[in-house]
Amino acid sequence: MAYMKRDIEAVILEVTGSYAALIVTGARQVGKSTTLRQLSAPDRKEVTLDDLEARRIAQTDPELFLSMYKPPLLIDEVQYAPQLFSRIKMEIDNGAAPGSYWMTGSQPFRLMELAQESLAGRAAILHMSALSQREIYGGDRLQPFTLRFPELQERAKGRTPIDAAAQYERIWKGSLPGHISGQYPQRDIFYSSYLQTYIRRDIKDMMEDVDSLLFADFVRAAACRAGQMLNVHDIALDVGVSDDTAKRWLGLLEKSDVIFYLRPYSNNLLKRTVKTPKMYFFDTGLVAYLTKYSSPEILMNGAINGALLENYAVAEIMKSYGNLGLEAICHYYRDKDSKEIDLILESDGELHPVEIKKTASPPTELTGAFKVLDKASIPRGTGAVICTKRELSALDRGTMIVPVWVL
């Protein structure tokens with residue numbers, strides 16, 4: 001299949017010129033190894049630690065491993081041999097050239113811990129997500145999502161306006177390269193295999209005694225609550241495990257980049273805010289598969305259509321930053337009076353409130369909660385309603401109407 005160009009490529013090449021070691025983290029099957037392979041010069045060797053013999057040598061004799069595989073080198077699934085990191089540190093301290101070691105791994109938290117222990121200040125660490133809308137469907141401007149109207153207009157160039165039905169087809173199909181590229185066209189078979197491989201390899205590696213079938217049921221129970229405030233007890237009750245087990249398993253999902261959280265925004269001037277995070281999945285196609293929606297049409301009219309649209313929008317905003325090597329500062333707001341803001345994007349010293357709704361005609365009442373941020377210590381900037389409207393427009397002077405396809 002043809003290679004799908006990734007937005008993060010420019011950042012990879014830029015940091016390779018400065019750092020001897022580069023670590024690209026991200027969930028399984030998002031395209032880490034494929035992208036690095038595409039960018040590799042002909043003299044860069046590649047070795048995967050999925051190969052048990054190569055893994056054994058890397059674990060037992062890292063010096064021999066690095067003498068067998070000379071730089072420039074690409075090491076795939078490097079988390080399986082943490083013993084390599086100390087040896088790579090020595091090679092860097094002895095003058096290894098920029099770009100000597102490229103490494104990938106599908107256990108981001110573990111890789112971050114290993115890198116901070118052994119390669120602090122010596123390795124560039126980039127996070128790679130699944131495909132963004134721009135990468136799949138096209139778009140001219142590569143920039144982080146902002147609410148400045150001229151930049152939103154630029155962002156919309158080169159993209160095709162779509163209606164709600166087409167948007168839910170995107171949500172239903174998901175964003176994993178193996179399926180989107182057409183390499184594995186049978187969606188249900190692809191996601192079934194993805195889930196089995198993820199549990200068998202990543203989860204079993206992190207927690208050997210986990211019950212595979214029960215854990216699969218747990219992921220499904222979590223998927224039913226994507227885009228909602230986290231309720232650990234309800235998920236545990238659905239599956240028949242203890243709350244403590246549910247917390248540990250949610251930790252595994254977060255550590256392997258299947259889910260992520262938005263933390264509630266609060267400061268000393270906003271004392272009535274809730275403390276519970278909201279949970280999202282990085283890939284909405286996986287959620288649609290796990291929740292048994294057999295078509296985009298059924299999903300669009302299903303019980304979780306609003307939550308999954310919100311999940312999709314938040315993930316796309318996060319990707320727009322991550323693909324440039326930047327970090328999005330995002331929160332949500334809810335207080336004990338049930339005032340809620342779906343997303344707060346902190347940028348350039350301002351708080352930008354955002355509502356995300358399945359509507360083509362957003363009413364002004366949607367933004368009623370925005371004014372609670374006027375009590376915050378950081379000034380409130382332009383807000384937005386992200387929705388299924390086809391055209392970029394404005395609700396009022398301080399609130400943009402942003403179609404989901406613009407993200």
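The values are calculated or read from the model by the stated rules, or taken from the named source; none is laboratory data. This structure is a prediction, so every number in the text was calculated from the model and none was measured. Quick reminder, even Gly has a Cβ in these numbers, built from the backbone with ideal geometry, and neighbours come from all protein chains shown.
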(message) For the list (1) at pLDDT 95 or above; (2) surrounded by 15 or more Cβ atoms within 10 Å (Cβ to Cβ), I need the number of the one condition that Tyr80 fails.
(response) (1)
(request) Evaluate the following for Tyr191: is it in contact with a Pro (Cβ under 7 Å, 6 or more places away or on another chain) and either in contact (Cβ under 8 Å) with a residue 12 or more places away in the chain or more than 26 Å from Met103 (Cα to Cα) (or both)? (result) no
(message) Step by step: first the residues of the range 2-18, then only those that are in contact with a Ser or Thr (Cβ under 8 Å, 6 or more places away or on another chain) and free of Cβ contacts under 8 Å to residues at least 40 places away in the same chain, then the one that is nearest to Ala96 (Cα to Cα). Which residue is that?
(response) Glu9
(request) Could you check Leu253 against (1) of a type outside the set (Lys, Arg); (2) more than 16 Å from Ala221 (Cα to Cα); (3) free of Cβ contacts under 8 Å to residues at least 60 places away in the same chain; (4) assigned to a helix (DSSP H, G or I) and say which number it fails? (result) (2)
(message) Looking at the range 372-407 only, could you name the residues that are in contact (Cβ under 8 Å) with a residue 40 or more places away in the chain, polar (S, T, N, Q) and either in contact with a helix residue (DSSP H, G or I) (Cβ under 6 Å, 6 or more places away or on another chain) or under 24 Å from Ala315 (Cβ atoms) (or both)?
(response) Thr382, Thr388
(message) On the basis of being crowded, with 21+ Cβ neighbours inside 10 Å, touching a residue at least 40 places away in the same chain (Cβ under 8 Å) and either over 22 Å from Ser256 (Cβ atoms) or in contact with a Phe, Trp or Tyr (Cβ under 8 Å, 6 or more places away or on another chain) (or both), does Ala123 make the cut?
(response) yes
(request) Could you list, in sequence order, all residues of the range 47-69 that are exposed (fewer than 15 other Cβ atoms within 10 Å of the Cβ), closer than 19 Å to Ser33 by Cα and not charged (D, E, K, R)? (result) Leu52
(message) Condition check: in contact (Cβ under 8 Å) with a residue 24 or more places away in the chain, assigned to a helix (DSSP H, G or I) and in the same structural domain as Ser256 (by TED's automatic domain parsing). Does Ala313 satisfy that?
(response) yes
(message) For the range 59-140, give me every one of the helices (runs of 4 or more DSSP H) that falls completely inside it and has 3 or more residues that are out of contact with any Asp or Glu (no Cβ under 8 Å at 6 or more places or on another chain) and aliphatic (A, V, I, L, M).
(response) 83-93, 108-118
(request) Take Ile386 and decide whether it is β-branched (Val, Ile, Thr), closer than 22 Å to Glu169 by Cα and part of a helix (DSSP H, G or I). (result) no
(request) Find the residue count for the range 363-385, including only residues that are of a type outside the set (Ser, Thr, Tyr) and closer than 11 Å to Thr399 by Cα. (result) 6
(request) Please state which one of Gln79, Gln59, Gln143 is in the same structural domain as Ala384 (by TED's automatic domain parsing), out of contact with any Cys (no Cβ under 7 Å at 6 or more places or on another chain) and touching a residue at least 12 places away in the same chain (Cβ under 8 Å). (result) Gln143
(message) Residues to consider are Ala120, Ala124; find the one that is small (Gly, Ala, Ser), within 21 Å of the chain's Cα centre (by Cα) and over 30 Å from Ser361 (Cβ atoms).
(response) Ala124
(request) Output the number of the condition that Thr245 fails; it satisfies all remaining conditions of (1) in contact with a strand residue (DSSP E or B) (Cβ under 9 Å, 6 or more places away or on another chain); (2) of a type in the set (Val, Ile, Thr); (3) assigned to a helix (DSSP H, G or I). (result) (1)
(request) Search the range 19-48 for residues being in a loop (DSSP other than H, G, I, E, B) and free of Cβ contacts under 8 Å to residues at least 60 places away in the same chain, and hand back the single one that is nearest to Ile88 (Cα to Cα). (result) Arg44
(request) Tell me which residues, restricted to the range 341-358, are more than 14 Å from Arg263 (Cα to Cα) and assigned to a strand (DSSP E or B). (result) Ser347, Glu350, Leu351, His352, Pro353, Val354, Glu355, Ile356
(request) Output yes when any residue across the range 390-406 is at positive phi and surrounded by fewer than 17 Cβ atoms within 10 Å (Cβ to Cβ), and no when none is. (result) no
(request) Would you check if there is a residue in the range 175-198 being basic (Lys, Arg), within 22 Å of the chain's Cα centre (by Cα), exposed (fewer than 15 other Cβ atoms within 10 Å of the Cβ) and farther than 23 Å from Ala360 by Cβ? (result) no
(request) Out of Ser338, Ser361, report the one residue that is assigned to a loop (DSSP other than H, G, I, E, B) and under 18 Å from Leu230 (Cβ atoms). (result) Ser338
(request) Answer yes if at least one residue in the range 317-332 is among the polar types (S, T, N, Q) and either without any contact (Cβ under 8 Å) to a residue 60 or more places away in the chain or not in a loop (DSSP other than H, G, I, E, B) (or both), and no otherwise. (result) yes
